[in-house]
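The values are calculated or read from the model by the stated rules, or taken from the named source; none is laboratory data. Fair warning: this is a prediction, and the values are worked out from it, not measured in the lab. Using ideal geometry, Cβ is built from the backbone for each residue, glycine included, and neighbour counts are taken over all protein chains shown.
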Ligand code: HEC
Ligand code: HEC
């Protein structure tokens with residue numbers, strides 16, 4: 001099955017004999033950089049939770065079903081909204097009591113390739129382990145695990161779906177988590193102009209975007225953290241942002257000076273429609289993100305050594321923005337659900 005899913009990605013990106021090619025002009029290192037953005041051949045599934053269509057379909061149903069909330073008003077998809085690049089467009093996620101949580105809802109795009117800890121501060125050890133927290137949290141979905149299992153067992157169609165997915169009728173926490181994670185691993189970045197350029201189509205993106213790509217990989221050092229096909233090395237870094245109250249990964253690793261104020265490096269896929277930005281939604285626009293990097297953020301001992309004032313010209317800022325725009329399937333917000341779910345097997 002893994003092979004079939006892998007084939008689906010290659011088909012989606014239209015990869016006919018991938019070659020980075022030798023671009024005309026630009027930084028002499030450009031061709032080498034382009035090579036590092038080639039898409040993987042298939043979606044990785046852990047051996048403890050291998051792919052199956054029945055499990056993925058069960059996970060999809062659970063993800064969109066408010067049955068997993070105490071009062072039946074919230075599903076995972078209430079915040080991880082396909083049309084909003086699997087985020088919610090808010091600065092910080094909404095609590096059940098009309099308030100704000102401390103953190104912004106992250107996208108789930110390419111979550112299968114996040115092989116390290118998850119969450120902005122890395123509090124989750126695996127994708128499987130995430131779901132129980134939003135589901136049972138009183139401020140969020142507010143459904144105790146035991147109640148969830150009772151509810152699902154009482155629903156004949158869920159009982160049948162679990163029995164098919166796991167060859168056994170018992171509905172357990174581990175199976176609920178395994179099904180959700182299997183579905184989430186199918187949330188794969190859609191084909192963008194950038195991917196067509198990587199596959200060899202020189203005309204897929206414009207000259208400003210190509211210059212922006214050179215800057216991103218060269219002088220601006222963005223790719224030292226936002227590297228590879230998913231635009232993240234899954235590391236935790238202090239880029240000098242935030243109000244100073246949330247110390248991020250530093251909470252979990254108090255002895256590491258470098259991890260104070262460190263947050264997960266996010267993917268940049270669909271970045272144009274994922275604002276407001278950062279773990280706390282504190283940066284409103286992409287222009288403001290570029291200005292932040294240009295200033296070098298808050299200078300403090302934990303700030304990454306790759307972050308420093310860049311002194312970008314107006315043209316260089318525009319080039320970086322033109323490059324970031326090529327990482328979206330569409331540049332506007334009117335994206336249809338279909339364009340994000342093409343790799344997810346139909347029900
Ligand atoms: C109220 C909005 C909300 C709901 C509902 C919600 N989430 Fe989230 N999700 C968040 C926020 C906020 C975070 C960041 C949490 C953190 O970093 O500690 C997050 C983080 C995650 C992550 C980690 C992503 C990453 O890049 O590290 C996964 C996976 C995830 N959620 C899956 C789910 C699943 C599965 C459900 C349903 C069981 C769900 N979420 C329900 C808001 C929500
Ligand atoms: C030292 C590692 C590092 C470097 C270098 C770096 N970034 Fe980031 N980037 C991060 C981290 C970590 C975050 C999230 C920070 C947070 O939420 O507090 C982030 C956030 C972002 C965001 C917002 C993403 C979101 O989902 O909110 C954008 C856009 C971005 N970076 C673009 C860039 C660009 C463009 C450059 C180069 C000018 C760059 N980054 C350089 C690590 C880095």
task = Looking only at segment 284-314, count how many residues are within 7 Å of ligand 2 (Cβ to nearest atom) and within 21 Å of the chain's Cα centre (by Cα).
result = 4
key: Residue within segment 205-218 that is part of a loop (DSSP other than H, G, I, E, B), near ligand 2 (Cβ under 7 Å from one of its atoms) and under 20 Å from residue 308 (Cβ atoms) present   = no
key: segment 66-106: number of residues that are away from ligand 2 (no atom under 16 Å from the Cβ) and at positive phi   = 2
message = Being within 16 Å of ligand 2 (Cβ to nearest atom), outside the structural domain of residue 102 (by TED's automatic domain parsing), farther than 28 Å from residue 131 by Cβ and assigned to a loop (DSSP other than H, G, I, E, B): is that true of residue 228 here?
response = no
